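Notes follow the structure.
The values are calculated or read from the model by the stated rules, or taken from the named source; none is laboratory data. Source: prediction; values computed, not measured. Here the Cβ positions follow ideal geometry from the backbone for every residue, glycine too, while neighbour counts run over all protein chains shown.
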Amino acid sequence: MEESDILLDEFLNHLTVEKGLSKNTIEAYSRDIIKYLSYLEDKGVTLLHATPSHIVSFLSKLKENGISTRSYTRNLIAVRMFYKFLMKNGHISNAPTANIDMPKLAARLPEVLSIDEVDRLIEAPKAENNIGLRDKTMLETLYATGMRVSELVSIKLNDLNLQTGYIVAYGKGSKERIVPLGETAISYIRKYIDSSRPMLLKHRKSEYLFVTNRSKKLTRQAFWALIKRYALLAGISKNKVKPHALRHSFATHLLERGADLRAIQTMLGHADISTTQIYTHVKTEQLKSIHKKSHPRG
């Protein structure tokens, strides 16, 4: 194994164990760095001897290949973090990325469903059958809590406290937070646990709340497939229904009804309030749209 491969393995282990980054983020960074290492190899340069000009040349190559600004930025972040790790551990004295600026990203406003669209989406599953009740319960829970899809499919029975009406969610970096459940979600969770879940498990056991009929934990990919199917049944544009559509709608609808931004930040599990503030921009854009459509001189 080459030295660069060994150092990359050490870095990825650092991101997993010490930084607590998600599996998806680590995989993305790994792909980006492998791409960078391959570029250096083509140039006959080793990782520890690369200069700022090599970094600039690599980034220029990405642009030539038509990479998006967001992906370009992620590549630069990955390489920067790698060199910072190498410097911290004494492999290099200076990072070649130190004076390379990050591009400015335009704020990308999340797609938000109207309350009517949320209602139609949640009503799409037929709760009369076991799969339908499970899916409806998932959608109700997602909209009631604003959880990430990865958090939703990872809920364990022990994470629930239906008596007091809350759920323990584990966010990025396994950070724990307590999120309140509404009465409607609690009602459906109780019904699902009492009736559909035992039928799906067929006397088998699982620690997870939402399961398949093979007693397996439901995956993010499976949820993505089902939400697209129910959006189609509900007559909602497929462009509006992304895995986080209900999370974004949860935050926006709370904000529209006067909820405190800090409270929303806590429920969403955002480390920084600036991340939550994107929803104030969504609200502003909606108001501008209403003004344009409704005002005589809009």
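Could you count how many residues in the range 1-42 are more than 29 Å from residue 173 (Cβ to Cβ) and surrounded by 12 or more Cβ atoms within 10 Å (Cβ to Cβ)?
Total satisfying the criteria: 3.
Name the residues in the range 170-201 that are touching a Lys or Arg at 6+ places or on another chain (Cβ under 9 Å) and in a loop (DSSP other than H, G, I, E, B), would you?
Across the range 170-201, the qualifying residue is only 171.
Quickly run through the range 220-242 and pick out the residues that are crowded, with 16+ Cβ neighbours inside 10 Å and of a type in the set (Phe, Trp, Tyr).
223, 230
Go through (1) closer than 30 Å to residue 271 by Cβ; (2) of a type outside the set (Val, Ile, Thr); (3) surrounded by fewer than 21 Cβ atoms within 10 Å (Cβ to Cβ); (4) in the same structural domain as residue 267 (by TED's automatic domain parsing) one by one and return the number of the condition residue 209 breaks.
Residue 209 satisfies all of (1) closer than 30 Å to residue 271 by Cβ; (2) of a type outside the set (Val, Ile, Thr); (3) surrounded by fewer than 21 Cβ atoms within 10 Å (Cβ to Cβ); (4) in the same structural domain as residue 267 (by TED's automatic domain parsing) except (3).
Name the single residue, out of those in the range 170-181 being surrounded by fewer than 18 Cβ atoms within 10 Å (Cβ to Cβ) and free of Cβ contacts under 8 Å to residues at least 24 places away in the same chain, that is nearest to residue 141 (Cα to Cα).
178
I need the full set of residues from the range 256-282 which are at pLDDT 85 or above and in contact with a strand residue (DSSP E or B) (Cβ under 6 Å, 6 or more places away or on another chain), in order please.
267
Show the residue pairs meeting these rules: Cβ distance below 9 Å; 6+ apart or different chains; first residue within the range 230-241 and touching a residue at least 12 places away in the same chain (Cβ under 8 Å); second residue among the β-branched types (Val, Ile, Thr).
Qualifying pairs under 9 Å: 230/122; 230/236; 230/241; 231/241; 234/122; 234/241; 240/112; 241/227.
How many of the residues in the range 145-169 are surrounded by fewer than 13 Cβ atoms within 10 Å (Cβ to Cβ) and either modelled with pLDDT under 90 or assigned to a helix (DSSP H, G or I) (or both)?
Residues that pass the stated criteria total 2.
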